[in-house]
Amino acid sequence: MSIANTRLRRCAHDIGRCRSLADTSPRAAQAAVRVQGTIRARSRLAGANTPWYLVSMGTLSVDVAYGGDSFVIVDARAAGFGIVPEEARAMAEAGMRITAAANEQLGFSHPQLPDFNHISFCQFAGPVTEKSSQKQTTGAVVVSPGKIDRSPTGTGVCARMSVLHAKGQMKLGDTLLARSIIGSEFLGRIESETLVGERKAIRPTLTGRAFITGRLELALDPEDPWPQGYRLRDTWPDLTNTYYDSIA
């Protein structure tokens, strides 16, 4: 299994926050420039290439890794996928089944976070190639309830690098250009080796780009009698077998 502790759990989201700060505040921009959209994590691997069985897909060899969240990493080609947009629906359905089967058959335990005892996502991993001394790969992460991440998934890239490092396919200072199913890119780098508990680990960095797509302004009226909002149980009703169904 691969384990990592991250300071920031969702790398792509935090890169986006840095971009938003830089775009809206001169003082925040200075801080964002120092961060440069880079997220640091610790990750490690043990027990790679674990064989297990999934009904209708046969026996697959997988890696279980943690890079800020937990992943079951599957060879995409072995599962019958080329990681192209046309396969998104089939990959989402297969990925959810693989995650459920991996939790049932393999499980996960973080050495420093006892309450983190599950596999969150399935990552379909493409082959690693090398161009101009830089390793490159394509991958797709399936998230609940059955969607493909549009980004390369920062925590997933960190987990993948920990697997490659443990297998001797990446070393200190190596970089990995990771592409998503739509072609978006993150650049990961192994900065140093460390320990998570008693387990060997790497300390990677991750760099990506974010783009402003909109702005939202919220206001609080001093005369508003409900400044903290309100809750009603009927806000999201269960309309099963109701009048609305009967006239549909």
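Residue count for region 101-127 under the criterion of being out of contact with any helix residue (DSSP H, G or I) (no Cβ under 6 Å at 6 or more places or on another chain), surrounded by 15 or more Cβ atoms within 10 Å (Cβ to Cβ) and over 19 Å from Ser151 (Cβ atoms): the result is 8. Would you check which residues across region 57-86 are under 13 Å from Ile148 (Cβ atoms) and without any contact (Cβ under 8 Å) to a residue 24 or more places away in the chain and list them? Answer for region 57-86, where residues must be under 13 Å from Ile148 (Cβ atoms) and without any contact (Cβ under 8 Å) to a residue 24 or more places away in the chain: just Glu86. For region 144-167, state whether one or more residues are touching a strand residue (DSSP E or B) at 6+ places or on another chain (Cβ under 7 Å) and surrounded by fewer than 15 Cβ atoms within 10 Å (Cβ to Cβ). No: region 144-167 contains no residue that is touching a strand residue (DSSP E or B) at 6+ places or on another chain (Cβ under 7 Å) and surrounded by fewer than 15 Cβ atoms within 10 Å (Cβ to Cβ). For the residues Ala101, Ala125, the requirement of being modelled with pLDDT of 95 or more and touching a strand residue (DSSP E or B) at 6+ places or on another chain (Cβ under 6 Å) singles out Ala125. Just need a number here: residues in region 189-248 that are loosely packed, with under 10 Cβ neighbours inside 10 Å, small (Gly, Ala, Ser) and modelled with pLDDT under 85. Residues in region 189-248 being loosely packed, with under 10 Cβ neighbours inside 10 Å, small (Gly, Ala, Ser) and modelled with pLDDT under 85: 2 in total. Scanning region 81-116 for residues that are farther than 22 Å from Leu176 by Cβ, more than 17 Å from the chain's Cα centre (by Cα) and not in a helix (DSSP H, G or I) returns Leu106, Gly107, Ser109, Pro111, Gln112, Leu113, Pro114, Asp115.
With respect to the conditions (1) assigned to a strand (DSSP E or B); (2) surrounded by fewer than 20 Cβ atoms within 10 Å (Cβ to Cβ); (3) at pLDDT 90 or above; (4) not basic (Lys, Arg), Ser61 falls short on a single one, namely (3).
Restricted to region 129-175, and to residues there that are within 11 Å of the chain's Cα centre (by Cα) and among the β-branched types (Val, Ile, Thr), the residue that is farthest from Glu86 (Cα to Cα) is Thr155. Please find, within region 155-192, the residue that is farthest from Thr138 (Cα to Cα) out of those that are small (Gly, Ala, Ser) and touching a Gly at 6+ places or on another chain (Cβ under 9 Å). Here the answer is Ser162. The strands (runs of 3 or more DSSP E) located wholly in region 121-235 that include 1 or more residues which are among the β-branched types (Val, Ile, Thr) occupy 129-131, 134-143, 175-179, 185-196, 199-208.
The values are calculated or read from the model by the stated rules, or taken from the named source; none is laboratory data. Keep in mind that what you see is a predicted model, and the values were worked out from it rather than measured. Note: ideal-geometry Cβ built from the backbone for every residue, glycine included; neighbour counts use all protein chains shown.
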